[in-house]
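Q: Provided herewith is a single structure, encoded as structure tokens, for subsequent inquiry.
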Amino acid sequence: MRVEQTEILIIGAGPAGSVAAGLLRKQGRQVLVIEKEQFPRFSIGESLLPQSMAYIEEAGFLRDVVEAGFQYKNGAAFRRGEQRTAFDFRDKFSEGWATTYQVQRADFDHVLAKAAEKAGAEIRYRHQVVSVDVAGERPSVNVLSPEGETYQVCARFLLDASGFGRILPRLLDLETPSAFPVRGAYFTHIEDHIPVGSFDRNKILVSVHPEHVDVWFWTIPFSNGRCSQGVVARTEFLERYSGTETERLRAIIAETPTLAHLLKDAVWDTPARKLTGYAANVKSLWGKGYALLGNAGEFLDPVFSSGVTIAVKSASLAAAAIAREFEGEPVDWEADYAKPLKAGVDTFRAFVESWYDGGFQKVIFHENGAPEIRRMISAILAGYAWDRSNPYVAEPRRLKTLEQLCSA
Ligand code: FAD
């Protein structure tokens, strides 16, 4: 079998893989990315958080993203029955980027991948990693080319950014179940025809089902008059509905009058898709010569749109650790990579749990929310889940106290 050598091998050219590639190219490393799809390709995860912009900027991709013409985003709006609230990320506790974009991921991921190539990374589309060996001195993978040839690539360091492909977790038996119940989503893109003025297109809209506190919808406007529309619920709830995925999605929306009214003129021109059981975890985020990035590690839940932010944060942390390792400095991957990454993931986890219990909903819809506390929550919703100067990051348990105060 043909054997190739590279310094850094990355599996997957999603946001984690491309941002890691950009950062490592800045260090002057030789980077090879193996991507099984031809880009542009559909992917879910379309509402970004401002915190992600810091890592896009760090990778040198800011201009490419800004010039791509995506929908500007400055916050998140929530509706439950007649209750409405909105968080403007420009009014937030933490320092840093306050605005970002809502993106068609086919285009966004392609923009990032092209920027990584421009920076000197080699991306091989339609090449698929089929097996991995991390037992030797250096990690190696076997790759299947589009022509059906299998070849081997040996690397000094391997980054698994394969997302829901979860290559290393599956092949190295690193999978552990998520603590969250199994949920799923129906989603599609629509020509929304939402009347001007009845909706702030600069914000993601999250609507809660009037009878089921743990069933919610996203409405993510794009810059071309279209929206991404989805619903998330436990799989047993989704299975109660019959028909095509589009019919099921529309039937659940019909039970939620404010959303149904907003979408009354929408044209449902794209068949809906279904994704279930996406929450996932791993025993370890690293091993000798390799690390897991983004969704290849842990994926929590879509509700606070944290996935891409966690993916690019993981790329930044891993690239910094690799820089030190390649300089001959000692790197403790648990202390320098896994722990800092998990700190923010755990912040999001506390908020996700509270969302589905209904507690966080009491907080955000509370009519007399203290402005300073809303600014702290706004920062977390903007993705600043690693900023320990925010009391709700330093001590996520504080959220429970806040829930009790808002329930009284
Ligand atoms: P991915 O984006 O999944 O990229 C992985 C890449 O690896 C893919 O291109 C794939 O083709 C490639 N690959 C896989 N296997 C192989 C292989 N064997 N060989 C070579 N290449 C391979 N996040 C947000 O930030 N905002 C949102 O609004 C949001 N909404 C979501 C809604 C739902 C219903 C779900 C399930 C998730 C949502 N997410 C959202 C999460 C988001 O989709 C992910 O967190 C994000 O895409 C992770 O990026 P990644 O780079 O880790 O992986």
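The values are calculated or read from the model by the stated rules, or taken from the named source; none is laboratory data. Values in this document were obtained by computation on a predicted structure and should not be read as measured data. Note: ideal-geometry Cβ built from the backbone for every residue, glycine included; neighbour counts use all protein chains shown. Just so you know, the surface numbers come from the protein's heavy atoms only, side chains and all, with ligands and any DNA or RNA stripped out. Shrake-Rupley method; radii C 1.70, N 1.55, O 1.52, S 1.80 Å.
Q: Do you know the relative contact order of segment 225-367, to the nearest whole percent, from alpha carbon pairs under 8 angstrom that are 6+ apart?
A: On the way: 86 pairs, mean separation 20.6, N = 143.
Relative contact order, segment 225-367: 14 percent.
Q: Quick one: Debye curve from the alpha-carbon atoms of segment 92-135 only, equal weights, vacuum; give me log10 I(q)/I(0) at q = 0.33 Å⁻¹ to two decimals.
A: Taken in order of the listed q values, log10 I(q)/I(0) reads -1.09.
Q: Relative contact order of the chain: what whole-number percent is it, with Cα pairs under 8 angstrom and at least 6 residues apart? Intermediate values should be presented prior to the final figure.
A: Numbers: 844 pairs, mean separation 87.5, N = 408.
Taking the mean separation of contacting Cα pairs over the length of the chain, I get 21 percent.
Q: To the nearest 10 square angstrom, what accessible area does Phe78 show with a 1.4 Å probe?
A: Accessible area of Phe78: about 0 Å².
Q: Please work out the Kirkwood hydrodynamic radius for segment 183-276, using every pair of different C-alpha atoms, and report it in angstroms with one decimal place. Walk me through the numbers before you get to the answer.
A: Details: mean 1/r = 0.0755 Å⁻¹.
Computed over segment 183-276, the radius equals 13.2 Å.
Q: Still on this structure, please answer the following. Which order do peptides 47-56, 227-236, 265-274, 165-174 fall in by mean Cβ count within 10 Å, highest first? Each step should come with its number before you reach the end.
A: Values: 47-56: 25.8, 227-236: 21.2, 265-274: 14.0, 165-174: 19.1.
Descending mean neighbour count gives 47-56, 227-236, 165-174, 265-274.
Q: When you count, for each residue, the other Cβ atoms within 10 Å and take the mean per peptide, how do 371-383, 141-153 rank with the highest first?
A: Values: 371-383: 21.8, 141-153: 14.8.
Result, highest mean Cβ count within 10 Å first: 371-383, 141-153.
Q: Here's a follow-up. Can you give the log10 of the normalised intensity I(q)/I(0) at q = 0.13 Å⁻¹, computed with Debye over equal Cα scatterers of the chain?
A: For the chain, the Cα-only Debye profile gives -1.12.
Q: Find, to one decimal place in angstroms, the Kirkwood hydrodynamic radius of segment 25-92, where the mean of 1/r is taken over every pair of different Cα atoms and then inverted.
A: Details: mean 1/r = 0.0641 Å⁻¹.
15.6 Å is the Kirkwood radius here.
Q: Simple spin-label model, 7 Å along Cα-to-Cβ: Arg375 to Lys342 in nm?
A: Result for the modelled spin labels: 3.3 nm.
Q: So what is the orientation-averaged projected area of segment 45-84, using the convex hull of its C-alpha atoms, in nm²?
A: On the way: hull surface 15.2 nm².
Seen from a random direction, the Cα hull of segment 45-84 projects 3.8 nm² on average.
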